[in-house]
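This report concerns only the one structure given below.
Read the figures in this text as sums done on the coordinates, not as results from a lab. Here the structure is a predicted model, which is why all the values come from computation and not from measurement. Because the Cβ atoms are built from the backbone with ideal geometry, glycine has one as well, and the counts that use them run over all protein chains shown.
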Amino acid sequence: MERVEKFLKEAGIYYLATVDGDQPRVRPFGTAHIFEGKLYIQTGKSKDVSRQIHANPKVELCAFKDGEWLRVAAELVEDDRREARVSMLDAYPSLQAMYSADDGNTEVFYLKNATATFSSFTKAPEVVKF
Ligand SMILES: Cc1cc2nc3c(=O)[nH]c(=O)nc-3n(C[C@H](O)[C@H](O)[C@H](O)COP(=O)(O)O)c2cc1C
């Protein structure tokens, strides 16, 4: 899991896919933060992506860096504890211009049943589950 967090942070941007009925949806995301041994992402309840995750928590994300790409398939679980939101906002001070722990909008999810696959054109894929 630490390797996945490191890759996502170094890539800077990953693309998060959700399911919207029978339509895949994808968008750029940046948040990736380990808190209490789980890997979290952050979004806002006002966004379509949040609505989609609550309707169907199965997601996949993809990032690319230095000739290697990472795909992570997982389920997202909302953690509604204030300390989880605070930890995320502390890790991403730039978010604090838009979000706060008590704004009723900020939400964080951790990845559950995650399968991460590191791939490149030159090496066999490596699979990590967490
Ligand atoms: C580089 C980059 C990183 C982003 N990171 C996040 C993020 O971690 N969480 C988030 O909710 N939105 C993030 N966004 C904004 C979302 O991509 C944007 O709000 C998107 O429209 C949300 O998807 P939706 O329209 O399907 O709800 C980021 C945008 C960019 C360009």
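Key figures for this structure:
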| quantity | calculated |
| --- | --- |
| Two-decimal log10 I(q)/I(0) for the chain, as the Debye equation yields it once each C-alpha is a single scatterer, q = 0.17 Å⁻¹ | -0.88 |
| Length-normalised contact order of the chain in % [C-alpha pairs under 8 Å, at least 6 apart] | 25 percent |
| Per-residue [θ]222 nm for the chain (sum of -39500 (n - 2.57) over DSSP H runs n ≥ 4, rounded to 500) | -6000 deg cm²/dmol |
| Among THR31, THR18, THR115: highest mean-square fluctuation, GNM of the chain, C-alpha pairs under 10 Å | THR115 |
| Loop sites in the range 89-130: trypsin sites (Lys or Arg not before Pro), DSSP, at most 11 other Cβ within 10 Å | LYS123 |
| Additional length obtainable on full extension of the chain from SER119 to ILE34, 0.36 nm per residue less Cα span | 28.4 nm |
| Options LEU61, GLY30, GLY104, ranked by Cα towards positive dipole end of the range 2-129, top entry (Cβ charges) | LEU61 |
| On Cα atoms only, tilt of 82-91 relative to the major axis of the chain in degrees | 60 degrees |
